[in-house]
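The values are calculated or read from the model by the stated rules, or taken from the named source; none is laboratory data. Keep in mind that what you see is a predicted model, and the values were worked out from it rather than measured. All Cβ positions, glycine included, derive from the backbone under ideal geometry; neighbour counts span all protein chains shown. For accessibility, only protein heavy atoms count, side chains too; no ligands or nucleic acids. Shrake-Rupley method; radii C 1.70, N 1.55, O 1.52, S 1.80 Å.
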Amino acid sequence: MTESIESLRQEIDKVNLQLLELLNQRASLASRIGTLQTQSGMQLYDPQREAEMLTALQSSNKGPFSNDTIKVLFKEIFKASMALEEREARAKIIVQRKTPEQNTVVGFPDGTKIGDGSFQIIAGSCAIESFDQMDAVGEVLASEGVKIMRGMAFKPRSSPYDFQGMGEEGLKIARQVANKYGMLVVSEIMDASQIPMMSDYIDIFWVGARNMQNSFLLKALGSVRQPVILKRHFSATLKELIYSAEYIASGGNTNIILMERGIRTFNEEVRNTLDIGAVPLLKMETHLPVIVDISHSAGRRDLAIPFGRLAKASGADGLMVEVHPNPPVAMSDAKQQLYFDQFRALIAELRNVNKPDKAY
Ligand code: PEP
Ligand code: MN
């Protein structure tokens with residue numbers, strides 16, 4: 001056959017198809033390597049391996065492409081393989097957002113929902129101290145339409161000599177008050193051994209900041225039927241928080257609500273620094289609802305309204321706030337718990353703040 005543009009083009013078309021086949025064959029191999037690397041906790045990007053492959057290719061290169069051109073072409077192939085491996089690794093993370101429409105909505109038998117676009121208020125005293133205290137709080141919460149009450153019976157305090165909570169006795173009180181006012185109870189769990197006992201009293205488990213990386217507790221909560229609120233540790237990155245949520249999700253429980261509660265910085269005016277940017281970032285990276293703790297982030301009640309406004313405007317799915325009948329004599333967090341009138345003012349103010357349709 002005499003050489004013609006047409007015949008050469010036909011040859012090129014054939015080579016293109018072979019290259020296509022080979023490129024996809026290479027991509028499948030790279031993807032299998034990526035899976036093994038992820039399973040064994042290895043980094044996907046290995047610059048040494050890339051350098052070795054380029055050296056081997058350049059020493060086998062007979063032209064007509066120059067070594068520099070070969071390097072440029074193969075670097076593009078390496079980049080595309082890496083992008084594929086990263087996409088596949090992300091797709092395996094259960095809590096990772098896959099589409100803009102994917103949103104976990106945590107629902108309860110009474111119709112209460114978190115993550116459905118509404119702005120939920122979780123409120124109550126820092127700790128259960130007595131029936132009368134909880135009853136007074138419950139009455140105010142119910143009158144303001146609150147559906148989820150804090151019923152904290154185990155308190156992880158900085159000092160072992162501080163009030164440690166009422167334990168099971170407290171949970172009984174919380175359940176009684178919640179039933180009286182038609183509310184759900186959320187309570188902090190310290191150890192997996194408490195799951196059966198707490199399940200008798202509570203509707204939502206709560207993992208406090210200090211236990212965010214207690215992987216054994218997180219795994220155990222992967223098989224409970226109740227939703228779990230997971231607080232960010234004050235020194236945790238968002239990636240670490242997401243992986244902690246993944247511990248719960250990988251056990252089969254995807255009813256997880258993330259909570260931003262402020263991180264430790266050099267700032268002295270507040271107890272922690274409210275990382276409000278975490279809200280859109282977490283909503284962007286995960287499909288889980290995100291709630292803002294406006295009490296432990298501030299450490300002071302005069303910031304409740306401004307922080308509450310920020311929480312709602314950030315696109316969060318709700319906020320958490322501490323309320324006490326007589327804050328100065330509270331057995332824990334006396335400086336940040338709200339008086340009843342301050343709580344009512346906060347709820348009224350929140351009506352003036354629009355929650356954006358999208359958080360990111
Ligand atoms: C709490 O919310 O009750 C609490 C103890 O906060 P944190 O775990 O964020 O310190
Ligand atoms: Mn507290």
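Okay, residues lined up against (1) open to solvent by less than 40 Å² (accessible area, probe 1.4 Å); (2) away from ligand 2 (no atom under 16 Å from the Cβ); (3) in a loop (DSSP other than H, G, I, E, B); (4) at pLDDT below 95:
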| position | (1), (2), (3), (4) |
| --- | --- |
| Ala123 | yes, no, no, no |
| Ala127 | yes, no, yes, no |
| Val140 | yes, yes, no, no |
| Val146 | yes, yes, yes, no |
| Met166 | no, no, yes, no |
| Glu169 | no, yes, no, no |
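Report yes if Phe154 is within 13 Å of ligand 1 (Cβ to nearest atom) and either within 26 Å of the chain's Cα centre (by Cα) or at pLDDT 95 or above (or both), otherwise no. Spell out how you get there, then give the answer.
Numbers: within 13 Å of ligand 1 (Cβ to nearest atom): yes; either within 26 Å of the chain's Cα centre (by Cα) or at pLDDT 95 or above (or both): yes.
Spelling it out, Phe154 is indeed within 13 Å of ligand 1 (Cβ to nearest atom) and either within 26 Å of the chain's Cα centre (by Cα) or at pLDDT 95 or above (or both).
Cβ contacts < 6 Å: first residue over 17 Å from Phe234 (Cα atoms) and open to solvent by less than 10 Å² (accessible area, probe 1.4 Å), restricted to the stretch 202-217; second residue in a helix (DSSP H, G or I) and among the polar types (S, T, N, Q), any location; separation 6+ or different chain. Result?
So the pair list comes out as Leu217/Asn211.
Look at Val185 and say whether it is assigned to a strand (DSSP E or B), free of Cβ contacts under 8 Å to residues at least 60 places away in the same chain and open to solvent by less than 50 Å² (accessible area, probe 1.4 Å). Walk me through how you get there before you give the answer.
Values: assigned to a strand (DSSP E or B): yes; free of Cβ contacts under 8 Å to residues at least 60 places away in the same chain: yes; open to solvent by less than 50 Å² (accessible area, probe 1.4 Å): yes.
For Val185, the condition - assigned to a strand (DSSP E or B), free of Cβ contacts under 8 Å to residues at least 60 places away in the same chain and open to solvent by less than 50 Å² (accessible area, probe 1.4 Å) - is met.
Yes/no per residue for (1) aromatic (Phe, Trp, Tyr); (2) touching a residue at least 40 places away in the same chain (Cβ under 8 Å); (3) under 30 Å from Leu281 (Cβ atoms); (4) touching a Leu at 6+ places or on another chain (Cβ under 9 Å):
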| site | (1), (2), (3), (4) |
| --- | --- |
| Arg90 | no, no, yes, no |
| Ala123 | no, yes, yes, yes |
| Gly138 | no, yes, no, no |
| Ile148 | no, yes, yes, yes |
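Per-residue answers, yes or no, for (1) within 17 Å of Phe234 (Cβ to Cβ); (2) in contact with a strand residue (DSSP E or B) (Cβ under 8 Å, 6 or more places away or on another chain):
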residue: Pro289; (1), (2): no, yes
residue: Ala298; (1), (2): yes, no
residue: Asp302; (1), (2): no, no
residue: Glu322; (1), (2): yes, yes
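Looking at (1) part of a loop (DSSP other than H, G, I, E, B); (2) closer than 21 Å to Leu281 by Cβ; (3) touching a helix residue (DSSP H, G or I) at 6+ places or on another chain (Cβ under 9 Å), can you tell me which one Phe65 breaks?
(2)
Looking at the stretch 227-250, is at least one residue assigned to a helix (DSSP H, G or I), of a type in the set (S, T, N, Q) and surrounded by fewer than 19 Cβ atoms within 10 Å (Cβ to Cβ)?
For the stretch 227-250, residues assigned to a helix (DSSP H, G or I), of a type in the set (S, T, N, Q) and surrounded by fewer than 19 Cβ atoms within 10 Å (Cβ to Cβ): present.
Yes or no, residue by residue, for (1) farther than 30 Å from Lys92 by Cβ; (2) touching a residue at least 60 places away in the same chain (Cβ under 8 Å):
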residue: Gly251; (1), (2): no, no
residue: Leu288; (1), (2): no, yes
residue: Pro327; (1), (2): yes, no
residue: Ala334; (1), (2): yes, no
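Take the stretch 46-59 and flag every residue that is free of Cβ contacts under 8 Å to residues at least 12 places away in the same chain and either farther than 13 Å from Glu85 by Cβ or open to solvent by less than 90 Å² (accessible area, probe 1.4 Å) (or both).
Asp46, Pro47, Gln48, Ala51, Glu52, Thr55, Ala56, Ser59, listed by residue number.
Tell me which of these Gln43 doesn't satisfy, since it passes every other one: (1) within 45 Å of the chain's Cα centre (by Cα); (2) in a loop (DSSP other than H, G, I, E, B); (3) surrounded by 11 or more Cβ atoms within 10 Å (Cβ to Cβ); (4) not aliphatic (A, V, I, L, M).
It fails just one condition, (3).
Identify the single condition in (1) surrounded by 11 or more Cβ atoms within 10 Å (Cβ to Cβ); (2) modelled with pLDDT of 95 or more that Lys62 does not satisfy, given that it satisfies every other one.
Unmet condition: (1).
Where residues in the stretch 93-110 are in contact with a helix residue (DSSP H, G or I) (Cβ under 9 Å, 6 or more places away or on another chain) and open to solvent by less than 20 Å² (accessible area, probe 1.4 Å), which of them is farthest from Val146 (Cα to Cα)?
Within the stretch 93-110, the subset in contact with a helix residue (DSSP H, G or I) (Cβ under 9 Å, 6 or more places away or on another chain) is 93-98, 103.
Narrowing further to those that are open to solvent by less than 20 Å² (accessible area, probe 1.4 Å): 95-96.
On the way: Val95: 27, Gln96: 30 Å.
By that ranking, first place goes to Gln96.
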